[in-house]
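None of the figures in this text is laboratory data; all of them are computed from the coordinates on show. As the structure is a computational prediction, the values presented were derived from the model and not from experiment. Cβ sites come from the backbone with ideal geometry, for glycine too, and all protein chains shown count toward neighbours.
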């Protein structure tokens, strides 16, 4: 999900939860400390909602942050796999090689290992 789509989905979840509870944009905005115009921007996904603000919304609506993100279509958090960690470390180490030719040669070597003769 792209950040733009996520902002829209989270905004739709905010609006849905507000309407289910019979609250106005003004009431939500006042409780969270901003204007109703800003509330409208969050609900329409025009402005990104920070993790801190998402937690405030979840508390206001009486739901867990996980349930709030699920309403926006986010899957549960998954721990990075060993492969994810290896990929992160490899990218980190390769980016620290100052010589462009060495870095390029290493990337070519890794590509060949990864595809074992197949298309890269």
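The table below gives the values:
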{"item": "Distance between modelled label sites at residue 37 and residue 23, nm, 7 Å Cα→Cβ extension", "result": "2.2"}
{"item": "Relative contact order of the range 3-71, defined on C-alpha pairs under 8 angstrom at six or more residues apart (%)", "result": "38"}
{"item": "Relative contact order of the chain, defined on C-alpha pairs under 8 angstrom at six or more residues apart (%)", "result": "23"}
{"item": "Stokes-Einstein D (µm²/s) once Rh is taken as the Kirkwood radius of the chain over alpha-carbon pairs, at 37 °C in 0.692 mPa s", "result": "187"}
{"item": "Estimated FRET transfer efficiency (residue 51, residue 85; beta-carbon r; R0 35 Å; 0.05)", "result": "0.95"}
{"item": "Angle between the chain longest axis and helix 51-61 axis [Cα atoms, degrees, rounded to 10]", "result": "30"}
{"item": "Ordering of 16-29, 103-116 by packing [mean C-beta count within 10 Å, highest first]", "result": "16-29, 103-116"}
{"item": "Relative compactness, the range 3-71, computed as alpha-carbon Rg over 2.2 N^0.38 Å", "result": "0.96"}
